[in-house]
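See structure below.
The values are calculated or read from the model by the stated rules, or taken from the named source; none is laboratory data. All values derive from a computational prediction rather than experimental measurement. Cβ sites come from the backbone with ideal geometry, for glycine too, and all protein chains shown count toward neighbours. Only protein heavy atoms, including side chains, enter the accessible area calculation; ligands, DNA and RNA are left aside. Shrake-Rupley method; radii C 1.70, N 1.55, O 1.52, S 1.80 Å.
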Amino acid sequence: MRQIDGYTKTCGLIGNPVEHTMSPVIHNTLAEKEGRNLVYVPFYVGRGHIKAAIEGAYALNIYGLNVTVPYKSEVIEHLAEIDEMAEKIGAVNTLVRTQKGYKGYNTDMMGLYRAMCSEGIRLEGEDIILLGAGGAARAVAFMCVLRGVKKVYVLNRTLDKAKQMASEVNRILETDCVKPMRIEDYGKLPGGKKYLAIQATSVGLYPNIEDAVIEDRAFYEMLHTGFDLIYKPAKTKFMSLVKAAGGQAFHGLKMLLYQGIIAYELWNAISVKEEDALIVYEKMKAAMGIEES
Ligand code: ATR
């Protein structure tokens, strides 16, 4: 058990709800491992209280914060500064204390990129299929373009939402590489090559574990890799369909791991060793009852 004393630095998570968060496992494990006098606690923030929460946290000398649903965009107007990628994405999940107030970052997308790199997945120069056009997919589209993908085909049930998201990303990043499509039109994608697909819809999320946004095997035969942002369940129907068609499949738990690792690195101005990140990952899996190696 760690000692809490007058020197203890406090970090935390603000959101609503916060009860099911894995972030305390990430940060408290890292602090314990490093012998750092830091604790991480969840803070429930009720609707309409985000401004007071940020000001109060700053006044209380809170060292760093994560921000979760529903405040990732709303928090931006209360920051002193914002990282360029987070500003473009329009969503912030990590606040770093500065002289003037908090600076916002989007370590969700930095974490997704690091998770992909750690699995040997390349983005630079690739053509990507992005399933979904909601908030999560929008952030992924920004990240993919900023990391140098050649094309992002946004496949969504509601074509208008895909069109709106694609035109927004294209406009802000001054590109035309994001292409909206109806989800059932995957047969019209350029053939003769295999794609990386990123699954960013909410379909398949616990408890609806038998659902996948596309069921047709012909779609999965077009993929070399499927990356599902969902991590509960740890083996989604989408992942099973990717694997059944011969591709490699990943869930979103490493993205969650690395968004936390990067936040911890920003707060403490350090680099976390990969072996320590993997110790944290094992703890997260244990906390979720996941048994894979
Ligand atoms: P998030 O913030 O997690 O991205 P969201 O903004 O509500 O959540 O977006 C959910 C995404 O999942 C959308 O792309 C949605 O498609 P629509 O834009 O057509 O609504 C997609 N989605 C949710 N349920 C779906 C379903 N049953 N079939 C296909 N797509 C679905």
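General remarks:
- Only a single item in (1) within 12 Å of the ligand (Cβ to nearest atom); (2) free of Cβ contacts under 8 Å to residues at least 12 places away in the same chain is not met by P180, and it is number (2).
- Hey, R171 assigned by TED's automatic domain parsing to the domain that holds A133, away from the ligand (no atom under 15 Å from the Cβ) and charged (D, E, K, R) or not: yes
- Residue among I209, I183 that is open to solvent by 50 Å² or more (accessible area, probe 1.4 Å) and of a type in the set (A, V, I, L, M): I209
- Criterion (within 23 Å of D228 (Cβ to Cβ), among the charged types (D, E, K, R) and away from the ligand (no atom under 16 Å from the Cβ)) met by exactly one of K161, K194: K194
- Residue match in the stretch 60-81 (condition: of a type in the set (D, E), closer than 30 Å to V169 by Cα, surrounded by 17 or more Cβ atoms within 10 Å (Cβ to Cβ) and more than 16 Å from the ligand (Cβ to nearest atom)): no
- Number of the condition not met by W267 [criteria: (1) assigned by TED's automatic domain parsing to the domain that holds A137; (2) over 18 Å from E119 (Cα atoms); (3) surrounded by 15 or more Cβ atoms within 10 Å (Cβ to Cβ)]: (1)
- Pairs linking a residue in the stretch 147-161 that is assigned by TED's automatic domain parsing to the domain that holds D185 and open to solvent by 20 Å² or more (accessible area, probe 1.4 Å) to a residue that is part of a strand (DSSP E or B) and more than 6 Å from the ligand (Cβ to nearest atom), with Cβ atoms under 6 Å and 6 or more positions apart or on different chains, are K150/D127; K151/D127; Y153/I129; Y153/K179; Y153/M181; L159/R182.
Residue-wise test of (1) at pLDDT 95 or above; (2) open to solvent by 40 Å² or more (accessible area, probe 1.4 Å); (3) touching a Phe, Trp or Tyr at 6+ places or on another chain (Cβ under 6 Å); (4) aliphatic (A, V, I, L, M).
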{"position": "F219", "(1), (2), (3), (4)": "yes, no, yes, no"}
{"position": "K235", "(1), (2), (3), (4)": "yes, yes, no, no"}
{"position": "V242", "(1), (2), (3), (4)": "yes, no, yes, yes"}
{"position": "G252", "(1), (2), (3), (4)": "yes, no, yes, no"}
{"position": "I261", "(1), (2), (3), (4)": "yes, no, no, yes"}
{"position": "A277", "(1), (2), (3), (4)": "yes, no, no, yes"}
{"position": "S293", "(1), (2), (3), (4)": "no, yes, no, no"}
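- Filtering C144, C117 for residues that are outside any loop (DSSP other than H, G, I, E, B) and surrounded by fewer than 23 Cβ atoms within 10 Å (Cβ to Cβ) leaves a single hit, C117.
- Verdict on G246 being among the small types (G, A, S), at positive phi and open to solvent by 30 Å² or more (accessible area, probe 1.4 Å): yes
- Subset of the stretch 17-31 [surrounded by 14 or more Cβ atoms within 10 Å (Cβ to Cβ) and either among the small types (G, A, S) or free of Cβ contacts under 8 Å to residues at least 40 places away in the same chain (or both)]: S23, P24, N28, A31
- Members of the stretch 149-158 found to be more than 16 Å from the ligand (Cβ to nearest atom) and either over 14 Å from L196 (Cα atoms) or of a type in the set (A, V, I, L, M) (or both), listed by number: V149
- Some residue of the stretch 128-141 being open to solvent by 30 Å² or more (accessible area, probe 1.4 Å), more than 16 Å from the ligand (Cβ to nearest atom) and under 12 Å from I198 (Cβ atoms): no
- Matching residues, the stretch 203-218, being over 16 Å from Y231 (Cβ atoms) and more than 10 Å from the ligand (Cβ to nearest atom): E210, E215, D216, R217, A218
- Scanning the stretch 20-40 for residues that are more than 15 Å from D276 (Cβ to Cβ) and either part of a loop (DSSP other than H, G, I, E, B) or in contact with a Ser or Thr (Cβ under 7 Å, 6 or more places away or on another chain) (or both) yields H20, T21, M22, N37, V39, Y40.
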